[in-house]
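Scroll down for the structure; my scribbles are underneath it.
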Amino acid sequence: MEKKVENATIELLNGDITKLSVDAIVNAANSSLMGGGGVDGAIHRAGGPEILRECKEIVKEQGGCPTGDAVITTAGNLPSKYVIHTVGPIWKGGFENEEHLLANCYRNSLNIAVQNGIKSIAFPNISTGVYKFPPKKAAVIAIKAVTEFIKVDDSIERVIFACFGDENYEIYKDIIEGLE
Ligand code: AR6
């Protein structure tokens, strides 16, 4: 399904983000930027060693990536052009600013996308796997951050939420259908 918001289209998918031919896919990474499980593992596996090589360069320059921030690399063998690596918060009951940090992931990823001329971008459900962020809360935050961004930015044309499984897909569908 899709929904027009201002000049951009929000699209909802249920499937593997590594297959998408978009300008950028977003990775739910960790602060080390050295790869891991979940979507991070899938992106590095499918993209090949070039992505990790560039992540190592970034770590050399700036150290790791703080929670809520984002960095960009090319996409190796993936069909997208870039991978934007962002670090979601680990859910700790909501007492450690996790909601704000999760919104920052979406905002900072979109900012770095705009800086790089990216017009189409796909997000996974950041923090809702290993990091245990409650899926409904995470979806509300993700959709709010993205819609607020595209209301003030007119360069992003397509935002795809790539859910991986029916639970998140249904949650997103309900919220997106209800958007003005
Ligand atoms: N395409 C789209 N979504 C996916 C894919 C895929 N191929 N594979 C998994 N997901 P997670 P986090 C979904 O655990 O919670 C890693 O080890 C998954 O179903 O990947 O932010 C990192 O290195 C879930 O909805 O990321 C970090 O250490 C969502 O992606 C840590 O996990 C996020 O789940 C980050 O944890």
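The values are calculated or read from the model by the stated rules, or taken from the named source; none is laboratory data. A quick note: this is a predicted structure, and the numbers were derived from the prediction, not measured. Positions of Cβ are backbone-derived with ideal geometry, glycine not excepted, and every protein chain shown enters the neighbour counts. For the accessible areas, the whole protein counts, side chains as well, though only heavy atoms, and no ligand, DNA or RNA atoms are used. Shrake-Rupley method; radii C 1.70, N 1.55, O 1.52, S 1.80 Å.
Being open to solvent by 50 Å² or more (accessible area, probe 1.4 Å) and of a type in the set (D, E, K, R) is the filter here, so list the residues in region 4-40 that pass it. Result: LYS4, GLU6, ASP16, LYS19. Is at least one residue of region 88-106 open to solvent by 50 Å² or more (accessible area, probe 1.4 Å), of a type in the set (Val, Ile, Thr) and under 24 Å from GLY37 (Cβ atoms)? Checked region 88-106: at least one residue is open to solvent by 50 Å² or more (accessible area, probe 1.4 Å), of a type in the set (Val, Ile, Thr) and under 24 Å from GLY37 (Cβ atoms).
Looking only at region 45-70, residues that are under 22 Å from SER21 (Cβ atoms) and under 15 Å from the mean Cα position of the chain (by Cα) come to 1 in all.
The listed residues are LYS119, LYS132, and the only one of them that is at negative phi and surrounded by fewer than 21 Cβ atoms within 10 Å (Cβ to Cβ) turns out to be LYS119. Which residues, taken from region 2-39, are of a type outside the set (Ser, Thr, Tyr), under 19 Å from LYS81 (Cβ atoms) and in a helix (DSSP H, G or I)? If the condition is that a residue be of a type outside the set (Ser, Thr, Tyr), under 19 Å from LYS81 (Cβ atoms) and in a helix (DSSP H, G or I), then ILE17, LYS19, VAL39 are the ones that fit.
Within the bounds of region 41-56, is there any residue that is open to solvent by 50 Å² or more (accessible area, probe 1.4 Å), within 15 Å of the ligand (Cβ to nearest atom) and within 21 Å of GLY165 (Cβ to Cβ)? For region 41-56, residues open to solvent by 50 Å² or more (accessible area, probe 1.4 Å), within 15 Å of the ligand (Cβ to nearest atom) and within 21 Å of GLY165 (Cβ to Cβ): present.
Condition check ((1) within 15 Å of GLY129 (Cα to Cα); (2) of a type in the set (S, T, N, Q); (3) within 14 Å of the ligand (Cβ to nearest atom)) across all residues:
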{"site": "LEU12", "(1), (2), (3)": "no, no, yes"}
{"site": "VAL22", "(1), (2), (3)": "no, no, yes"}
{"site": "ALA29", "(1), (2), (3)": "yes, no, yes"}
{"site": "ILE58", "(1), (2), (3)": "no, no, no"}
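Within region 157-180, the set of residues being open to solvent by 80 Å² or more (accessible area, probe 1.4 Å) and at pLDDT 95 or above comprises GLU157, ARG158, PHE164, ASP166, GLU167, GLU170, ASP174, GLU177.
When ALA139 is tested against (1) closer than 17 Å to ILE72 by Cβ; (2) open to solvent by less than 20 Å² (accessible area, probe 1.4 Å), only condition (1) is not met.
Taking CYS65, is it in a loop (DSSP other than H, G, I, E, B), within 12 Å of the ligand (Cβ to nearest atom) and open to solvent by less than 50 Å² (accessible area, probe 1.4 Å)? Yes: the conditions hold for CYS65. Screening the candidates TYR106, TYR82 for the property of being more than 29 Å from GLY178 (Cβ to Cβ) and under 13 Å from the mean Cα position of the chain (by Cα) yields one hit, TYR82. In the condition set (1) modelled with pLDDT under 95; (2) surrounded by 15 or more Cβ atoms within 10 Å (Cβ to Cβ), ASP154 is compliant with all but (2).
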